[in-house]
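*Asks:* Please find one structure pasted underneath; my questions will follow.
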Amino acid sequence: MQMHVRHETRYRYEHPIKYSVQSLRLTPRRDPCQRTLAWSIAAPGRRLEQIDAHGNVAHLLTLEEPHREIRIVAQGVVETSDTPLRFEHTALSPLAYVAATALTAPNDEIRDFAVQAVRQHADSLARAEALAEAVCETIRYRAGSSEVDDTAAASFLNRAGVCQDQAHVYLACARTLGIPARYVSGYLYTGDTSDAASHAWVDVWLDAERGWLSLDVTHRRHAYGPYCRLAVGRDYLDAAPVRGVRRGGGGERLEANVLVAESANQQQ
């Protein structure tokens, strides 16, 4: 299918900022399961493009003049397919996604939960899917129930979160079982404009023959077709669409608006 995407991010500051640097991962990945037909990013300042260690298209945005607002608009058309991801050409081994991070470190409760979730399954595909079912059942989706820097352990304790939290809990569980798994950020087309179009899910390494499996923990399904992949990483911090640092500015207000449609007319 063709996905028409428009993603606007706007930062407003209480006082002028002297200097800011933003790391943008707002360009769809060059993965076998998708093809970018058109894409552009409009933003102030200087931009430097590079491919990061995870194979993501990243831009370093630098603003050296005083400013009280940053407006970034990414938009374009991506063609996706139902073909499984399987393999990709990156410098990183799947083993790079076994180690825990600060956001995905497991505690004893998560370790016990992970073992119980997959104990009846021997095949790697069945284990990956059973774990997604268990996480979705346990970490209920609840908008506004978490903060962007919440850890997997905190989300597991609260038994609630958003797609980011469900992905982090899944990663914590998979890695404690020795299964390579990574965080994915991107867009999801649901056909309902009231649904959140920004989304997070996971990739799980099955084996050398089958490669990566993309799983949407929130919706309990394989993440192909209406999914546009922006970035992957060890956790949210590696794959966040926009992250940055600044000097000055005082208070900050962030607004983000994402629209995903099947045609340009639907975005009007």
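*Asks:* Give me the strands (runs of 3 or more DSSP E) completely within region 2-58, filtered to those with at least 1 residues that are in contact with a His (Cβ under 9 Å, 6 or more places away or on another chain) and either in contact (Cβ under 8 Å) with a residue 60 or more places away in the chain or not β-branched (Val, Ile, Thr) (or both), ordered by residue number.
*Replies:* Numbers: elements: 2-24, 34-42, 46-51.
Result: 2-24, 46-51.
*Asks:* Among the listed residues Val115, Val57, Val73, Val77, which satisfies the condition of being outside the structural domain of Arg10 (by TED's automatic domain parsing) and either surrounded by fewer than 19 Cβ atoms within 10 Å (Cβ to Cβ) or at pLDDT 95 or above (or both)?
*Replies:* Val115
*Asks:* Looking for whichever is surrounded by fewer than 16 Cβ atoms within 10 Å (Cβ to Cβ), hydroxyl-bearing (Ser, Thr, Tyr) and assigned to a loop (DSSP other than H, G, I, E, B) here; the options are Thr62, Thr83. Which one fits?
*Replies:* Thr83
Okay, residues lined up against (1) at pLDDT 90 or above; (2) at negative phi; (3) out of contact with any helix residue (DSSP H, G or I) (no Cβ under 8 Å at 6 or more places or on another chain):
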| residue | (1), (2), (3) |
| --- | --- |
| Gly211 | yes, no, yes |
| Val217 | yes, yes, no |
| Tyr224 | yes, yes, yes |
| Val232 | yes, yes, no |
| Val242 | yes, yes, yes |
| Gly248 | no, no, yes |
| Glu252 | no, yes, yes |
| Asn265 | no, yes, yes |
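*Asks:* Looking at region 23-53 only, could you name the residues that are surrounded by 14 or more Cβ atoms within 10 Å (Cβ to Cβ), farther than 23 Å from Leu213 by Cβ and within 17 Å of the chain's Cα centre (by Cα)?
*Replies:* Within region 23-53, Ser23, Leu24, Leu26, Thr27 qualify.
*Asks:* Additional query: Would you say Ala91 is surrounded by fewer than 20 Cβ atoms within 10 Å (Cβ to Cβ), touching a helix residue (DSSP H, G or I) at 6+ places or on another chain (Cβ under 9 Å) and not in a helix (DSSP H, G or I)?
*Replies:* Numbers: surrounded by fewer than 20 Cβ atoms within 10 Å (Cβ to Cβ): yes; touching a helix residue (DSSP H, G or I) at 6+ places or on another chain (Cβ under 9 Å): no; not in a helix (DSSP H, G or I): yes.
Judged against the criteria, Ala91 is not a match.
The values are calculated or read from the model by the stated rules, or taken from the named source; none is laboratory data. The shown structure was predicted, so the numbers you read here are calculated from the model rather than taken from an experiment. Cβ atoms come from the backbone with ideal geometry, glycine included; neighbour counts cover every protein chain shown.
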